[in-house]
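What follows is a set of notes on a single structure, which appears directly below.
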Amino acid sequence: KTVEIGLLTPPLGLNAYVAAAQTKVPLGTIFRGIVPFLFMEIVILILLLAFPQITLFLPDLMSR
């Protein structure tokens, strides 16, 4: 999740720069469009840190 957040946000923002180059859409527009997704990524990261059992749910089912 942290890598995904890093690839969306400046200064790295590699995914945003690639999307802007391929679609010829201004970079500012790309970054404004990313904001809701970035917010949700941060919420998911907080949930995963607060409740690590979420990440262990499926592996626990497989080990039974």
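Helix 53-62: angle to the longest alpha-carbon principal axis of the chain, degrees 0 to 90, nearest 10?
On a 0 to 90 degree scale, this one is about 60.
Taking only protein heavy atoms into account and a 1.4 Å probe, give the accessible area per residue of the chain in Å². Please report the intermediate quantities before stating the final value.
Working: 5040 Å² over 64 residues.
Dividing the accessible area of the chain by its residue count gives 79 Å².
For percent of Cα pairs over 21 Å apart, the choices are (i) 25; (ii) 39; (iii) 17; which was calculated from the structure?
Of the listed options (i) 25; (ii) 39; (iii) 17, (ii) comes from this structure.
Enter the accessible area of Val18 (Å², nearest 10), with the probe set to 1.4 Å and all protein chains included.
80 Å²
What does the helix-only formula give at 222 nm for the chain: each DSSP H stretch with n ≥ 4 adding -39500 (n - 2.57), the total divided by the residues, and the result rounded to the nearest 500 deg cm²/dmol? Provide the component values of the computation, followed by the final result.
On the way: 4 runs with 51 residues, N = 64.
So the helix-based figure for the chain works out to -25000 deg cm²/dmol.
Contact order normalised by length for the chain, with contacts defined as Cα pairs under 8 Å and 6 or more residues apart; what percent is it? Write out the running numbers ahead of the final one.
Details: 30 pairs, mean separation 16.2, N = 64.
It comes to 25 percent, rounded to a whole number.
The values are calculated or read from the model by the stated rules, or taken from the named source; none is laboratory data. Keep in mind the model is a prediction, meaning the values are calculated, not measured. These accessible areas exclude ligands, DNA and RNA; they are computed on the full protein's heavy atoms, side chains included. Shrake-Rupley method; radii C 1.70, N 1.55, O 1.52, S 1.80 Å.
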